[in-house]
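First the structure, in the form of structure tokens, and then the observations on it.
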Amino acid sequence: MAVPRVAFVTPGSFAIPSPKGSSVERVIEYLAPRLDRRRFEPRIYGRTGRGLSRVGSLGGVRIERFPAADKKVYVRAVGTAMRKFRPTLIQVENRPLYVLRLRRRFPRTKIWLSLQSKTFIGKRYISRSALKRSLAAADRVLVNSHWLRRTVAEMVPEAADKLRVLHLGVDIDRFRPPDDPGSGERRRRLREDRGWTDRTVVLFMGRLIPRKGVHHLLAILPKLAEAHPDVLLVIVGSPFYGSHRDTAYSLRLKRMARAMKRHVLFVPYVPYTKVPDWFLAADIAVVPSKPGEAFGLVNVEAMASGLPVVASRVGGIVEVVEDGETGYLVNPANMEAELLDRIGALIRDPELRSRMGAAGRKRVEEKFTWHRTAEAWMELYERG
């Protein structure tokens, strides 16, 4: 008996696989190959990329790639290719407008929309009337947090019954805690090579854009360094994926850091394959996002690496980080005072860091692996 054929349509922003893709591409890169081939036949449709063939494979899943400079042309090419595949289900990743375009070509095919953030349901990218039509055209809408589910339901109440929560995961074989066999020695070498042997490393990993809140960390750094002279704030990331270009905001951050050169290190964008080592070498992870963070994959990556996380009490982050157990949640209205207090508490108490880090790793293993995400996805499909 033939199994359901599932077409994953990526936004066309980055190729798959790619070291510089966003979390949207990463979800498909890790989810599709984990679907049980006895139950589903997945296929990925995405953009062309340097060094990648037009047709390829990822974990045994066929990938078909198309030029995507013009997104209308891209979606049209993907639609034409999918006619040969004859999918049972089309899952559109994070682009509501694609649902409308594909629905016209596949009027009787089941279409799911998977949303990873508020960005592409905002007025900057789609009008409210077009959003309503897009969600009406979708048979189901997957969201990565209960917070995003409530947000979408408030925006388009008619779509509330279609919304399903599918939490994201992390590759727990790549993100390892320091107490794992081999990880402790690797951590020692990484810290020695970087000159961090006697430092307490506070790590921010993410894009340098205002809503990620890096300026709050730099604002508290003078007081933090005065109380804890060994602290080093490491800021890994750039304003854009895969680029080292600066913006007015990133230049402002660097100006804020000038007087604290001994206590801050900027590391431009690093490929995703290198990300686990930065977590492994750190002591504390910080995620000071502004309201609107739908999930924050960086939180589960840090927790999988055995780090306590100090994060904002916003959006879907509260579904990931357990306040007082796997780290601390700070209130946006009192962000800097609470960041200073919670980070300081963790710097002073290595045993607390270790205990929270172990609790975070355990929570990830129980709730936030890609295997669990894939199993939950398959159950959603089979429940109808």
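Read the figures in this text as sums done on the coordinates, not as results from a lab. All values reported here derive from a predicted model rather than from experimental measurement. Neighbour counts are summed over all protein chains in view; Cβ atoms, including those assigned to glycine, are modelled from backbone coordinates with ideal geometry.
Multiplying the residue separation of H244 and K72 by 0.36 nm and subtracting their alpha-carbon distance yields 59.1 nm.
Sorted from greatest to least, the principal axis extents spanned by the alpha carbons of the chain come out as 64, 44, 38 Å. Since only V152, L89, T197 are under comparison, the one whose Cα sits farthest along the positive direction of the charge dipole of the chain, derived from C-beta charges on Lys, Arg, Asp and Glu, is L89. With a threshold of 18 Å on the Cα-Cα distance, the over-threshold entries among K72/K118; K71/K162; K84/K110 are K72/K118; K71/K162.
The label-point distance for D161 and S354, in a model that sets each label 7 Å from Cα toward Cβ, rounds to 5.5 nm. Shown for Y98, Y272, Y125: other C-beta atoms within 10 Å of each C-beta, ranked fewest to most, produce the order Y125, Y272, Y98. Multiplying the residue separation of A345 and D171 by 0.36 nm and removing their Cα-Cα distance gives an extension gain of 59.7 nm. Restricting region 317-384 to GluC sites (Glu not before Pro) that sit in a DSSP loop and have at most 14 other Cβ atoms within 10 Å of their own Cβ leaves E325. Within a straight-line Cα-Cα reach of under 20 Å, K132 can be paired with the following aspartates and glutamates, leaving aside sequence neighbours fewer than 8 residues apart in one chain: E93, E154, E158, D161. With contacts taken as Cα pairs under 8 Å at a separation of at least 6 residues, region 183-367 carries a relative contact order of 22 percent. The charge dipole of region 266-384, taken about its Cα centre with unit charges on the Cβ atoms of Lys, Arg (+1), Asp and Glu (-1) only, comes to about 120 debye.
Over the chain, Cα pairs under 8 Å with separation of 6+ residues give a relative contact order of 15 percent.
Between R262 and K362, the modelled labels are 3.9 nm apart [label points 7 Å from Cα along Cα→Cβ].
Spin-label pair K118-K84: with each label point 7 Å from Cα along the Cα-Cβ axis, the two points sit 4.2 nm from one another.
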